[in-house]
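Contents: one structure, followed by commentary.
The values are calculated or read from the model by the stated rules, or taken from the named source; none is laboratory data. What you are looking at is a predicted structure, and each value in this text was computed from that prediction instead of being measured. No Cβ is skipped: glycine too gets one built from the backbone with ideal geometry, and neighbour counts run over all protein chains shown. What goes into the accessible areas is simple: the full protein's heavy atoms, side chains included, and nothing from ligands, DNA or RNA. Shrake-Rupley method; radii C 1.70, N 1.55, O 1.52, S 1.80 Å.
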Amino acid sequence: MRTALVLLRKDLRLELRTLETVPAMVLLALVTFIVFHFGLDRDTIAGQEAAGVLVATLLFAAMLGVNRLFVAEREQGGFDAFLLAPVDRSAMLLAKAAGLFIFLAALEVVAVPAFGLFLLGPSLAPPLPGLIAVLALADLAIAVIGTLVSAIAIHTRARDLIGPVIGLPLLLPALIATARAAGPLLRFTHAAGAPPGKWLAVLALYDLVFALLAYAVFDFLLED
Amino acid sequence: MPSRSTTYGTGLRGLSIATLVVIAAALTMVFYYAPLDADQGFIQKIFYIHVPLAIVSLLGFVFGGLMAVGYLLTGDRRWDMRSYVAIHLSLIFGIGALVTGSIWAKASWGHWWVWSEPTLVSFLIVVLLFCTYQPLRFSIEDPERQSRYASVFAIVAGAFVPLNFIAVRLAQQYVHPRVLTLTGGNLPGSMMLTFLVSLIGIAMLFATLWKYEMASKNARSQVRRLRRTLLGDDALAPAGRSAAPS
């Protein structure tokens, strides 16, 4: 646990000093909103359509973060150093997933209000608590699966290609659940509705299963 | 490679003949025994190929994941080979299921593809996921690492198969005839019997092909090893980069 915290702090400090990943993710998200605005030729969107736009945008931006996740470790010998240290291998999974989760949260702190401003008609405030719950669970799924996929992809020759290609199908059920849960929230017909419990349960179950699965197999991706 | 040699050729002839017999019986039953569907007519008979293909391919994916667990536990490359062959055959069966499903959908619903049908959609997602298995293998050069990473992928993807079906099925209403429900999907007895024989036939076909490919791959690596022993390293062309375990 302490090792994971040390690693996480290292990653966050690295990100704060270089500003390599999160600003790029935010920029990509903003540009994607503009693309959707012109692509759909709409000033405002709502309901399931809005949920789809939001999920697709966050997913694209998340993929940037996923691709960058292990690049520093690989290029600057972080893996070797970590393997030499007498620590639990799973700490790496925990630290990287937590780091990715924080990156995603930071992305959403900017991207979701921007989404409300650019594309939603009514105020974002009423559905916000429900949306935060849905996005937190979705971020967890992206963080866990993203870390796993990134760790697989980093040692392949075509790593920027393999990551998304494996990651997207694995994430699809979580994305379906996220979009379906967020859709009613963004419909604005009834005030501040709670997200459908069924989808929150599916997301939570998905998070749990993949967290356990990742924990079980992650050691094999580091051993060398 | 361990010194114990495994032969996958044992019983292969018997299995092949049995498979042929069962598949011939299944086809005979499909065309001469099973009644015509009152609703869809003759085209419904594609069901006896389509559904078994889909079921066998999904089970094959899960089987590949289980074999991969064997590899990670033992480090024996033969487990990886089993997993590889299972996944790659399942992918072929899976594409067969998608194509036959599309034909059936066109004939009975009027469209080649129907989004409102969760079984189709989840099956497509699974096939897309497993389409990345070979590119993943191919892009890792070190054979040992290739086996290890491919096994991790196979386990995760194998566990993904049932989860994915739950998630997608929840998202939509049912259109498809539910054949595999607990109540037996209210198929009349003669159709059910034909379906079961077809299912067994396709499963046996999968097993036979799996054994054939394992035997071939195994024999090839044994020949290679013998040549190296007898003629020395220089006599062998260096192994090219490959997605297949060797």
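The angle between the Cα long axis of helix A:197-222 and the longest principal axis of the Cα atoms of chain A comes to about 20 degrees, rounded to the nearest 10.
Mean per-residue shielding of peptide A:6-12 is 0, counting Cβ atoms of other chains within 10 Å of each Cβ.
Counts of other chain beta carbons within 10 angstrom of each beta carbon in peptide A:145-156 average 3. Ignoring any ligand, DNA or RNA, what whole percent of the accessible area of chain B comes from carbon and sulfur when the probe is 1.4 angstrom? Solvent-exposed carbon and sulfur of chain B make up 68 percent of the total.
Scanning chain B for helices, which whole DSSP H stretches are 20 Å or more long along the axis (Cα) and average 1.6 or more by Kyte-Doolittle? Qualifying helices: B:12-28, B:47-74. Could you give me the ³J(HN,Hα) list for segment A:16-26, computed from phi with Karplus coefficients 6.51, -1.76, 1.60 and θ = phi - 60°, whole Hz, x at Gly and Pro? The phi angles translate into 5, 7, 9, 6, 8, 9, 4, x, 5, 4, 5 Hz.
Relative protection proxy for A:180-186, B:45-51, B:148-154, from highest mean packing down: B:148-154, A:180-186, B:45-51 (other beta-carbon atoms within 10 angstrom). Put simply, when A:163-170, B:222-229, A:130-137 are sorted by average Cβ atoms within 10 angstrom per residue, most first, you get A:163-170, A:130-137, B:222-229. Adding -39500 (n - 2.57) for every DSSP H run of four residues or longer, then dividing by how many residues chain B holds, sets the calculated 222 nm ellipticity at -24500 deg cm²/dmol.
Helix A:159-185 and the longest principal axis of the C-alpha atoms of chain A enclose an angle of approximately 30°.
Here each label is just a point 7 Å from Cα along the line to Cβ, and for A:Leu222 and B:Cys131 those points are 3.4 nm apart. Residues of segment B:147-168 that lose at least 30 Å² of accessible area (1.4 Å probe, protein heavy atoms only) when the other protein chains are present, relative to their chain alone, are B:Arg148, B:Tyr149, B:Val152, B:Phe153, B:Val156, B:Phe160, B:Leu163, B:Ala167. Nearest 0.05, what FRET efficiency do B:Trp112 and A:Ala105 give at R0 = 45 Å with Cβ-Cβ as r? Given R0 = 45 Å and the Cβ-Cβ separation, E is 0.60. Buried surface between chains A and B: roughly 2600 Å² of accessible area, summed over both sides, computed with a 1.4 Å probe on protein heavy atoms only. Our note on the geometry: Cα centres of segment A:153-181 and segment A:7-64, 16 Å apart.
Couplings 3J(HN,Hα) for segment A:103-113, derived from phi with the Karplus relation 6.51 cos²θ - 1.76 cosθ + 1.60 (θ = phi - 60°), are 4, 5, 4, 4, 4, 6, 4, 8, 6, 5, x Hz, where x marks Gly and Pro.
For peptide A:165-177, the mean count of partner chain Cβ atoms within 10 Å of a residue's Cβ comes to 6.
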